[in-house]
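> Dumping the structure here so I can ask a few things about it.
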Amino acid sequence: MSETAIWLVRADALPLGQRLAEALGATLYQPWLTPDESPREQFRRAFHQHRRWVAVMASGIAVRYLDGLPASKYSDPAVVVLDEAARFAIPLLSGHEGGANALAYEVARLTGATPAVTTATEALKPLTLGIGCRRGKSADDIERAVNAALADRTLADVREVATIDIKADEEGLLAFCARHGLPLRVIAQSDVAARAWVGQSSDWVQQNVGVAGVCEPCALIASPRGRLIVPKTALDGVTVAVVEDRPTNYPHDATAS
């Protein structure tokens, strides 16, 4: 029995489910193949047989499926809800402790979805790193460039790393993120090209990647309300930009006592 499972509600989502199951080494559930038992009952029976779930369904359906099943964030399986159009990957259960946040980023890298992480542990980390690099750069190369860009800030302040989709399989970048437990958000090249906020464009990147820059636009897309506190810095073939979240200021409620 595999650690990860994919649950589909409709046969229309089968191509998406099959692609995810192959990439994640997951068990794929198609409840319509067992019409004599309700899908919800099938899910309840299978729930504790896997540690990670990707539920391809509306969040409302997922909430009803999970009713009565969760017991503790330290023992519940991780559950990520993914809509059938693969627009959003939402960690719904066991986000931090159970690994649903990490699974959401993994699903997002595979599908192009946006990971919608809501846990406070991650929200308290204000920095997003945008990273671009030449092919073959090591994790140590990337770490040196990141530390130089962060200056007096630390990796403990970093919520996530963002890069362009053609770097999604860059071994050094993946190793750097794994070393420090940082999720990697992959931004589609078309999105970077459409929102190319770069202080200084790069002819080399334009020629080889097809966009004017990587690290600044990726960081700003990943943190749309943030501000660029460290523009593109380059060290030995690695570029890094740092975006910091702006504090949320809620309007004062004059009626509150």
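> So what's the convex hull volume per residue for the Cα atoms of region 41-102, in Å³? Let's see the in-between values first.
On the way: hull volume 4.6 nm³, N = 62.
Dividing the Cα hull volume of region 41-102 by its residues yields 73 Å³.
> Can you give the accessible area per residue of region 29-156, in Å², using a 1.4 Å probe?
Heavy-atom accessible area per residue stands at 48 Å².
> While we're on this one: Run the numbers for Glu171 and Asp36: contour at 0.36 nm per residue of separation, minus the present Cα-Cα distance, in nm.
43.9 nm
> If you average the sequence gap of Cα pairs under 8 Å that are 6 or more apart and divide by the length of region 114-224, what percent do you get for the contact order?
Computed over region 114-224, the figure is 31 percent.
> Can I ask one more? For Lys137, which lysines qualify as cross-link partners when the Cα separation must be under 24 Å and same-chain residues fewer than eight apart are set aside?
Excluding near neighbours in sequence, the set is Lys167, Lys232.
> Here's another thing I want to ask about it. Cα to Cα, under 29 Å, and not fewer than 8 places away if on the same chain: which lysines meet these conditions relative to Lys73?
Straight-line reach from Lys73, under 29 Å: Lys125.
> Counting only C-alpha contacts under 8 Å and six or more residues apart, can you give the relative contact order of the chain as a whole percent?
14 percent.
> In debye to the nearest 20, how big a dipole does the chain give about its Cα centre with +1 on each Lys and Arg Cβ and -1 on each Asp and Glu Cβ?
180
> I need the trypsin sites (Lys or Arg not before Pro) found in region 64-116, filtered to DSSP loop residues with at most 16 other beta carbons within 10 Å of theirs.
In loop regions of region 64-116 (DSSP not H, G, I, E or B), the sparsely surrounded trypsin sites (Lys or Arg not before Pro) are Lys73, Arg87.
> Moving to a separate point now. What nm distance separates the two modelled labels at Lys125 and His180, each placed 7 Å from Cα along Cα→Cβ?
For Lys125 paired with His180, the spin-label model returns 0.9 nm.
> I want to verify the translational diffusion coefficient of region 115-248 in µm²/s; compute it with Stokes-Einstein, Rh as the Kirkwood radius over Cα pairs, at 10 °C and 1.306 mPa s.
110
> Now for a different question. Using Stokes-Einstein with the Kirkwood hydrodynamic radius over Cα pairs, what translational diffusion coefficient do you get for region 108-183 at 25 °C and a viscosity of 0.890 mPa s, in µm²/s rounded to a whole number?
Answer, rounded: 187 µm²/s.
> Determine the shape class of region 1-104: with a ≥ b ≥ c the square roots of the Cα gyration tensor eigenvalues, call it rounded for a/c under 1.5, and otherwise prolate if a/b is greater than b/c, oblate otherwise.
Rounded shape, in that the Cα axes give a/c under 1.5.
> Let me ask another. Do the sum for the chain: with -39,500 (n - 2.57) for every DSSP H run of n ≥ 4, divided by all residues, what is the mean residue ellipticity at 222 nm, to the nearest 500 deg cm²/dmol?
So the helix-based figure for the chain works out to -9000 deg cm²/dmol.
> Viscosity 0.890 mPa s, temperature 25 °C: give me the Stokes-Einstein translational D for region 111-155 in µm²/s, with Rh taken as the Kirkwood radius over C-alpha pairs. Walk me through the numbers on the way to the answer.
On the way: Rh = 13.0 Å.
Roughly 189 µm²/s, to the nearest whole number.
> A further question on this structure: Which label marks the calculated value of volume of the Cα convex hull per residue in Å³, given the options [x] 169; [y] 119; [z] 145?
So the structure-derived entry is [x].
The values are calculated or read from the model by the stated rules, or taken from the named source; none is laboratory data. What you see is a predicted model, and the numbers here were worked out from it, not measured in a lab. Glycine also receives a Cβ, built like all others from the backbone with ideal geometry; neighbour counts cover every protein chain displayed. Please note that ligands, DNA and RNA were not included when accessible areas were found on the heavy atoms of the full protein model with its side chains. Shrake-Rupley method; radii C 1.70, N 1.55, O 1.52, S 1.80 Å.
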